[in-house]
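Visitor: Pasting in a structure now, in structure tokens, and then I'll have a few things to ask.
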Ligand code: HEM
């Protein structure tokens, strides 16, 4: 893209530059993610505003400004209020942990936090490894028959089985989890028209509304009976549903719909983000045989013929660097929208109260201002011996500040286990090449499906 405007020093409290409608709209329609990176890059990290008609969000991309929005002046940048971007999401999860602020958010976060400490995540590793191995065992039959498997669908199965076991104590069965997952998929596509034209009132029917309502009914049919059962027979279990059904620290008892909001939010964030991130593994490794080889060498050395377990994870250093680099280029939570409550100034540029603020790990993590050769997949950037990055918020795939991802530690353990279990037991090739173009949705996934042809590692060893 050509330079949208010339660089200029930010004078204190100046109006942001506006990308005109005639530039912003066609570019965003053609390639929304690429256009956002280009706009931010052309502005070299200065705050800009996009003219999209009645919707004129600020695009914030400089790590120092991100730190102010997400952490230092967090009270001014809420997920609450009239934020048009949040409205469709709220229709799914109500006032749940993922979207709420203030006392409601504190109550949910306070209840759930103890389930996600690093210490507790460590205690879940053996259970996770067991569920992952069970799911991966089922690949042997198609692998021996030379039948391709659907890489995305198989990851979904592995992640659902693992998450239902360790976080939901198998209260939601895997077939029911698949039903919820499919309904959540429908919800995100059905709400796209409303996301794109957020100003249309809900009284006016829009395409997608009927599918949206049906998907909500499907989710409720699974989730509400489980919640009613858990409330009728309370336990001291430390799974998500038992925890959410108990009275909160302040003595309050959330109602059924508040619990349902948090359960759906936790289900969706714990599974969708993990599946989205891991689905990049196939195209990334297929396009970079050198990276794949280094990973499999490391796994062979550390794990050998064992099953991957807790003791191996700290030694799988390169595997962890690959995950970190995947989270840089393909952050599942690619957009973190906020609304400014009051006026503020970011890098000399004025933010007006009520304005929508776009914060995107995808954008900042691909800017050449902060990363050398940003589109190159290079796990070495995350070598532990390298000096700390200059800006904390040049890399923030899990957000930051008080809303920082609760599941970050658990995700990293689970992802390491899944990747190393799969690669310790199979080599794969893609049936058809898959390119690295993302599909824009609630989370960031590859546009194309990956069909895998597997060879069991034992067979390679025997031949
Ligand atoms: C690839 C994996 C993941 C990514 C990239 C990711 C990313 C994020 C991001 C960017 C946020 C910040 C949202 C905001 O500030 O508005 C967030 C929040 C959150 N994440 Fe994750 N997440 C991942 C996995 C998980 C998992 C596995 C869980 C749970 C098991 C989880 C639970 C949460 C929760 C509960 C919040 C809301 C925290 C709050 O507002 O207090 N995430 N995540």
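Visitor: Given R₀ = 30 Å, what would the calculated FRET efficiency be for residue 453 paired with residue 178, taking r from the Cβ atoms and rounding to 0.05?
Guide: 0.80
Visitor: Run the helix sum for the chain: -39,500 (n - 2.57) per DSSP H stretch of 4+ residues, divided by residue count, reported at 222 nm to the nearest 500 deg cm²/dmol.
Guide: Taking each H run of at least 4 residues, the total per residue is -15000 deg cm²/dmol.
Visitor: Would you list 17, 217 from fewest to most Cβ contacts within 10 Å?
Guide: 217, 17
Visitor: Between residue 353 and residue 390, 0.36 nm times their residue separation minus their Cα-Cα distance comes to what?
Guide: 10.3 nm
Visitor: By count of other Cβ within 10 Å, fewest leading, how are 78, 162 ordered?
Guide: 78, 162
Visitor: Cα centroid distance between region 267-283 and region 16-61, in Å?
Guide: If we compute the Cα centre of each part, the gap is 27 Å.
Visitor: At R0 = 45 Å, how high is the FRET efficiency between residue 383 and residue 204 if r is their beta carbon distance? Nearest 0.05 is fine.
Guide: Efficiency at R0 = 45 Å is approximately 0.25.
Visitor: For the chain, just say rounded, prolate or oblate: build the C-alpha gyration tensor, square-root its eigenvalues into a ≥ b ≥ c, call rounded for a/c under 1.5, and beyond that prolate if a/b exceeds b/c, oblate if not.
Guide: Cα axes put the chain in the oblate bin.
Visitor: How long is the gain from residue 133 to residue 248 if the chain were fully straight, where each residue apart is worth 0.36 nm and the alpha carbon distance is subtracted?
Guide: This chain segment gains 37.8 nm when fully extended.
Visitor: Starting from the Cα gyration tensor of region 110-222, take the square roots of the eigenvalues, sort them a ≥ b ≥ c, and report rounded, prolate or oblate (rounded when a/c is under 1.5, otherwise prolate if a/b is larger than b/c, else oblate).
Guide: oblate
Visitor: Using packing as a proxy for protection, rank 390-396, 36-42 so that the peptide with the highest average count of other Cβ atoms within 10 Å comes first.
Guide: The densest-packed peptide leads the list: 36-42, 390-396.
Visitor: Return, ordered by residue number, the residues of region 393-417 whose backbone nitrogen is under 16 Å from a label point located 7 Å along Cα→Cβ of residue 123.
Guide: Correct set: 410.
Visitor: Length gain on complete extension for the stretch residue 287 to residue 238, per 0.36 nm per residue less the alpha carbon to alpha carbon distance?
Guide: 13.5 nm
Just so you know, all these numbers are worked out from the coordinates, no wet-lab data involved. This structure is a prediction, so every number in the text was calculated from the model and none was measured. Note that each Cβ is placed from the backbone with ideal geometry, even for glycine, and that neighbours are counted across all protein chains shown.
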